[in-house]
Amino acid sequence: MVAPQDSPSGRPPPRGARIAAEVVPRLRREGFAFVEPEEVLECTGCPDAWRNFGTAWERLPVDGYLREGERFRSRRYGRFRISSDSGLRERPHGPYHQSLQHNGYAGGIQRHYSAIEAATSDHRIFTALVEFDCTVVSQALSHTGAWEIEVHLFRITSGGPPATPTPEGVHRDGNDAFAVHVVDYRCRGGATRIYSLDGEVLHERTMTRPAETLYVDDARVLHDVTPICPRTNDVAGTRDVMIVDFHRGGPGA
């Protein structure tokens, strides 16, 4: 779909073409690639717009599928499609599904989450991130067709006891590839760990800066995130991220 010199919407070369050319070989070689926030900001432009973009995480409903009445995770969910013909388009809202194989904590059921607000999905940071993600993932996976995309807005909150961003443990997500973008980090902990398929830790990194990004080829590695806790006793700790899932044939295909 996206040649190195093109953007997924068919417009002139994106400002992130140079960054993509550096990230794609690492993603192909290792199955994952971390990207510094300064590089992502070069791709999306306007660092000040991130502050406004991040206010949406103050309005995320609590995840209703947590066990035993837990409330450590809030989220919204959206479905999109991106192609060279039509660019990024929102699809009708619907439930989110993962198999039990990929998520033993909450998989195997249709999970209904509140939709991403229009002010978020229409925001220039949102569009720039997803288009850049598409450029990277398309080149790394040598995919020339459209992508079906799922976007997740997450806030993990710890008011004292540690809160686990990935209660399902070490896992794959069941997509073709995904991106993780840090929106805000006001806590301690939350290290992202990448594993080989036989469980060997390949890399560990605590992503703390807005716009810091991770790309993962989901078929090639496993991952999890360690628990977070507050920085101080009187203020809850929070970790805000946006995750973008890419599916060649549509979710669950």
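For the chain, how big is the tail of P(r) above 29 Å, as a whole percent of Cα pairs? Kindly include the intermediate steps, with their values, before the conclusion.
On the way: 7632 of 31878 pairs.
When all Cα pairs of the chain are counted, 24 percent exceed 29 Å.
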Item checked: Filtered GluC sites (Glu not before Pro), the range 33-75: DSSP coil and at most 13 other beta carbons within 10 Å -> E70
Item checked: Most positive-pole-ward Cα, T157, A20, T206, against dipole of the range 17-247 from beta carbon charges -> T157
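Add -39500 (n - 2.57) for each DSSP H run of 4 or more in the chain, then divide by its residues: what number comes out at 222 nm, to the nearest 500 deg cm²/dmol?
Values: 5 runs with 48 residues, N = 253.
The helix contribution divided over the chain gives -5500 deg cm²/dmol.
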Item checked: Debye log10 I(q)/I(0) for the range 189-253, one point scatterer per Cα, at q = 0.15 Å⁻¹ -> -0.62
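Please give me the summed charge of the neighbours of E30: other residues whose Cβ is under 12 Å from its Cβ, Lys and Arg +1, Asp and Glu -1. Mind dumping the intermediate values first?
Details: positive: R26, R28, R29, R220; negative: D217.
Here the count lands on +3.
All of the numbers you see were taken from the coordinates with simple rules; none came from a lab. Note that the structure is predicted; figures quoted are calculated from it, not measured. Glycine also receives a Cβ, built like all others from the backbone with ideal geometry; neighbour counts cover every protein chain displayed.
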